[in-house]
Amino acid sequence: MALIPEQLRAPYNPNATEDRIYKLWEESGFFSPDTRPPWADNPETNPNCGKTFSMVLPPPNVTGTLHMGHAIMLAVEDSLVRFERMRGKKTLWLPGTDHAAIATASKVEADIYKKEKKTRHDLGREEFLRRVNAFAAESHDIILNQLKKMGSSLDWSREAYTLDDARTLAVRTAFKRMYDAGLIYRGHRIVNWDPRMQTTVSDDEIEWREEQAPFYYLKYGPFTIGTARPETKFGDKYVVMHPDDERYKEYEDGQKIALEWINGPITATIVKDDSVDPAFGTGVMTITPWHDAVDFDIAERHHLDKEPIIDAHGKLLPIAGEFAGMHIKKARPQIIEKLKAKGLLARVDEHYTHRVAQNSRGGETIEPQIKLQWFVNVSAKFKLKNSKLNGIPSGSEITLKELMRAAVQGGQIEILPDHFAKTYFHWIDNLRDWCISRQIWFGHRIPVYYCARKNKEACERPLVSIEPVERCPACGEAVEQDPDTLDTWFSSGLWTFSTLGWPAAENDMADYHPTTVLETGYDILFFWVARMILMTGFLLEDIPFRTVYLHGLVRDKDGRKMSKSLGNIIDPLDMIKKYGADATRMSLLVGNAPGQDLKLSEDKIRGYKHFANKVWNVTRFLLQYADADTGASSGADEYALNAAEGLSAEEKEMLDELRAAASDITENISAYQLHLACEKIYHYVWHTFADKILEASKPVLNGTDIASRTRRAETLLAMWRTCLALLHPFMPFITEELWSLLPHKNKRALLMVSRWPVR
RNA sequence: GGGCGCGUAGCUCAGCUGGUUAGAGCGUCGCAUUGACAUUGCGAAGGUCAGAGGUUCGAGUCCUCUCGCGCCCACCA
């Protein structure tokens with residue numbers, strides 16, 4: 001009788017299967033590299049015995065739920081891990097979540113304001129943090145569920161969080177070591193200030209928006225200057241022009257001139273500087289060093305005075321005279337009126353477009369300000385003691401910038417696709433010191449303490465400490481911790497090794513570091529990838545990973561970014577519910593070339609649900625013939641690739657073709673060409689195995705020659721086991737389920753830890 | 001302003017180091033099919049690989065230029 005199990009009689013139902021299979025995997029313990037099947041620990045049965053494969057999960061932000069961008073990451077990473085696990089490597093894929101400091105804080109803050117009309121200051125630091133942590137915990141649980149739904153074979157025993165105790169130790173240790181090496185400093189620098197969130201924002205978190213605004217030409221003594229921001233001009237007392245500008249050759253650098261300005265007569269100083277573009281406007285400008293980065297640089301070069309004009313909330317300071325206390329947005333038209341009345345307004349260009357900086361986490365217009373902040377110095381030399389970096393011997397002195405460049409340039413880290421290396425170098429070349437302090441409450445508090453009394457000279461210095469400090473070691477008085485928190489990327493920059501236990505004595509570093517591959521979206525190459533290279537380079541004098549695999553962004557079928565406002569979001573969970581996780585994964589893998597954006601439509605996902613059904617039905621078909629009469633039910637657990645004896649010429653040819661496909665697929669995955677591998681196995685299963693081989697086998701299977709029937713049925717079953725194995729990294733659920741329904745001679749093992757068909 | 005990428009069948013895209021009549025999915029059009037297949041099979045139409053030039057025995061693939069898109073970076077006051 002045919003051996004068709006009951007569940008195979010109905011069409012494949014992913015919903016009824018996937019959670020059960022995931023639980024089976026999880027309980028098996030094989031997600032952890034510490035649990036391995038016997039064959040994998042035996043060098044005779046496993047040529048990869050002793051080799052490891054390690055990868056961290058880019059920790060999703062605890063700001064809500066996962067989207068298709070996460071799904072693509074999970075599909076790629078899980079496929080890689082499952083492949084390597086089946087190849088017998090000791091395989092670690094390490095999960096975790098990211099507290100995402102400003103993103104999470106601003107979301108919670110906005111929610112609270114919406115519901116209760118309260119700000120974080122109304123709640124106070126403690127209560128606010130309680131709320132954020134509660135939200136983060138809730139978000140974490142949702143995310144974990146989603147990760148599991150996708151089939152991610154993550155080692156949950158090693159789960160980490162960027163804000164947990166172990167990672168806090170890593171962060172404080174990293175800060176202290178960098179501080180002691182002179183790579184972290186505190187200073188007054190111009191920073192991107194968000195007046196609404198009351199915090200600095202890093203250069204990388206700025207979004208530029210085109211804006212049309214009037215451009216005013218103002219009379220400034222004998223000059224005419226152009227500005228889009230008259231409200232910042234109260235303190236302008238330097239007038240700058242290019243040294244070679246013939247029009248202004250009568251003026252000399254340092255020359256003083258008296259002139260009438262907005263609130264009365266002032267003395268201005270001429271400054272000659274190369275950075276002025278003679279072709280722009282009148283070729284003359286005044287500078288506002290406190291509120292403009294270019295002006296700040298000019299002021300630094302010429303040692304000029306800097307004065308604040310606008311306060312932290314966007315209101316004018318007393319220097320603005322009668323406008324003091326007004327918000328800049330309200331003051332601007334009134335200032336223009338006054339300039340006009342005084343005859344200082346030469347003309348107005350109404351059609352001027354320029355770019356305005358906005359905080360990408362919240363959308364408020366950035367007001368540059370000079371603030372006392374903490375920075376990582378990317379251009380200061382430090383000495384490598386025990387370098388594992390190619391081409392940079394121990395004892396050499398190097399800057400973080402040079403180190404970041406060298407790690408990739410020397411080929412020690414490979415970036416895929418390789419053209420992103422150029423983008424990376426370009427970014428490094430333009431890199432400025434990294435502002436790491438944030439004036440928000442959620443995050444790693446800066447591990448620096450100040451003596452409250454400063455009784456003695458020794459109390460003057462800030463105290464940087466890995467352990468929390470309560471009393472000043474010099475005078476015994478209470479200390480105050482720096483109120484700021486660290487940029488979220490400071491902690492995620494440590495992720496590849498903080499998750500392995502660094503700097504604790506007991507850790508996994510020896511086994512799994514450097515990690516084999518880092519898989520992530522190209523949009524965070526700078527934010528994250530570069531910073532991991534920086535942190536690892538300094539703290540471990542090593543690379544964090546050997547290969548960087550960058551996937552593209554998921555777009556809708558028209559190529560638009562998926563966003564709430566466009567209403568074109570495809571929710572991974574919805575798709576899993578409708579079509580199954582396997583189909584969802586396949587739709588994200590096929591056509592997904594590294595670094596290339598992927599257009600996704602529901603039709604595509606539906607297409608792979610059809611494929612899953614095909615796979616299901618092939619099994620049902622084969623099991624019809626796997627009956628007691630043919631003896632095929634006793635089929636060995638071995639794959640078909642090595643069998644050859646006693647086969648017909650036709651069967652040998654079938655096997656040759658499968659062998660070729662399997663070896664191609666293996667090569668493709670090894671070269672991170674998952675899109676090719678996926679398409680190949682898809683094509684082989686459907687259009688070669690099902691359409692051609694099974695069709696051609698029907699006469700044999702239904703024929704009268706028992707020996708031929710049996711042999712063919714056994715061959716096909718063995719080939720099918722091979723197919724399921726090859727398909728497993730991409731479609732783990734259905735293949736595992738079908739594997740369990742096939743007849744097995746030996747004790748049934750999970751497909752997840754069965755040997756890969758190609759050695 | 002600097003950098004990067006893309007332009008291949010109606011649509012979405014593969015095509016690695018140049019090598020036979022350029023591929024897949026979806027869609028379209030025929031025919032078959034109660035079939036292992038709710039979601040099937042067989043077949044067909046459809047491409048001067050953006051355009052021009054060059055290297056080569058040979059170019060979708062390498063080089064140069066042009067056109068059209070997209071993205072990233074940058075301190076246009």
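The values are calculated or read from the model by the stated rules, or taken from the named source; none is laboratory data. Being a predicted model, the structure only gives us computed values, none of them experimental. As a convention, Cβ positions derive from the backbone with ideal geometry for all residues, glycine included, and neighbour counts pool all protein chains shown. The area values use the complete protein model at the heavy-atom level, side chains included, leaving out ligands, DNA and RNA. Shrake-Rupley method; radii C 1.70, N 1.55, O 1.52, S 1.80 Å.
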Straight-line reach only, C-alpha to C-alpha below 26 angstrom: list the lysines that A:K107 could link to, leaving out same-chain residues fewer than 8 apart.
A:K115, A:K117, A:K118, A:K148, A:K149, A:K315, A:K329, A:K371, A:K561, A:K564
The ³J(HN,Hα) series, computed from each phi in segment A:510-526 with the Karplus coefficients 6.51, -1.76 and 1.60 at θ = phi - 60°, rounded to the nearest Hz and given as x for glycine or proline, is 4, 7, 10, 10, x, 6, 5, 9, 10, 10, 7, x, 5, 6, 10, 4, 7
Per-residue HN-Hα couplings for segment A:377-387 [Karplus 6.51, -1.76, 1.60; θ = phi - 60°; Hz; x = Gly/Pro]
7, 8, 10, 8, 6, 9, 9, 8, 9, 9, 6
I'd like the orientation of helix A:101-116 relative to chain A: the angle between its Cα long axis and the longest Cα principal axis, in ° from 0 to 90, rounded to 10.
80
Within chain A, what percent of beta bridges assigned by DSSP are antiparallel, to the nearest 5?
70
Give the long-range amide H neighbours of A:V548: residues separated by 5 or more places, or on another chain, with amide H under 5 Å away, using H modelled in the peptide plane at 1.01 Å from N.
A:E414, A:I415, A:L416, A:L518
For segment A:454-524, the accessible surface attributable to carbon and sulfur atoms (probe 1.4 angstrom, ligands and nucleic acids excluded) amounts in percent to 46
Nothing charged except the Cβ atoms of Lys and Arg (+1) and of Asp and Glu (-1): what's the magnitude of the dipole of segment A:26-80 about its Cα centre? Round to the nearest 20 debye.
180
Once phi is turned into θ = phi - 60°, what whole-Hz ³J(HN,Hα) does the Karplus curve with 6.51, -1.76 and 1.60 give for every residue of segment A:654-669, x standing for Gly and Pro?
4, 5, 4, 5, 5, 4, 4, 4, 4, 6, 4, 4, 4, 5, 4, 5
Determine the share of segment A:151-202's accessible area contributed by carbon and sulfur atoms, expressed in whole percent, with a 1.4 angstrom probe.
48
Hey, quick one: spin label on A:S157, modelled 7 Å out along Cα-Cβ, who in segment A:507-540 has an amide N within reach, i.e. under 16 Å?
A:507-509, A:511-512
Proximal charge balance of A:H121 [Cβ under 12 Å; K/R count +1, D/E count -1]
0
Describe numerically, in nm with one decimal, the distance between label points set 7 Å from Cα along Cα→Cβ at A:T267 and at A:A279.
3.8
Place the peptides A:326-336, A:93-103, A:38-48 in order of packing, highest mean first, counting for every residue the other Cβ atoms within 10 Å and averaging per peptide.
A:93-103, A:326-336, A:38-48
Beyond 26 Å (Cα-Cα) in this structure, taken from A:K23/A:K609; A:K219/A:K272; A:K23/A:K577; A:K51/A:K422; A:K381/A:K422, we find A:K51/A:K422
Tell me which residues come under 5 Å, amide H to amide H, from A:T52 once H is placed; ignore anything under 5 positions away on its chain.
A:K90
Chain A accessible area per residue, 1.4 Å probe, protein heavy atoms, integer Å², reads 42
Toy charge model, Lys and Arg Cβ at +1, Asp and Glu Cβ at -1: chain A dipole around Cα centroid in debye, rounded to 20, equals 900
Rounded to the nearest 0.05, what FRET efficiency do A:A137 and A:D244 have when you use their Cβ-Cβ distance and R0 = 60 Å?
0.45
Rg to Rh for chain A: what is it, with Cα atoms only and Rh by Kirkwood?
1.08
Ignoring ligands, DNA and RNA, what percent of the accessible area of segment A:278-404 is carbon or sulfur (1.4 Å)?
51
At 7 Å along Cα-to-Cβ for each site, give me the label-to-label distance between A:T704 and A:H351 in nm.
9.2
To the nearest 10 degrees, the tilt of helix A:732-741 (Cα long axis) against the first principal axis of the alpha carbons of chain A is 20
How about chain A: what cysteines have no other cysteine beta carbon under 4.7 Å from their own?
A:C49, A:C435, A:C475, A:C678, A:C723
What does the extension gain come out to for A:K115 and A:N42, with contour length at 0.36 nm per residue minus their alpha carbon separation?
20.2 nm
What FRET efficiency would be calculated for the residue pair A:H313, A:S379, taking the C-beta separation as r and a Förster radius of 41 Å, to the nearest 0.05?
0.80
The answer for A:V448, listing residues at least 5 apart or on another chain whose modeled amide H is closer than 5 Å to its amide H, is A:D482
Give the percent of DSSP beta bridges with both residues in segment A:472-609 that are antiparallel, rounded to the nearest 5.
10
Relative to the first principal axis of the alpha-carbon coordinates of chain A, what is the inclination of helix A:602-625, with its axis defined by its Cα atoms, in degrees from 0 to 90 and to the nearest 10?
20
Rounded to the nearest Å, the spacing of the alpha-carbon centers of segment A:266-308 and segment A:181-230 is 13
Cross-link candidates for A:K388: which aspartates and glutamates have Cα within less than 17 Å, leaving aside residues fewer than 8 places away along the same chain?
A:E397, A:E402, A:E414, A:D511, A:E541, A:D542
Placing each pseudo-label 7 Å from Cα in the direction of the beta carbon, A:E27 and A:H687 end up separated by a distance in nanometres of 4.2
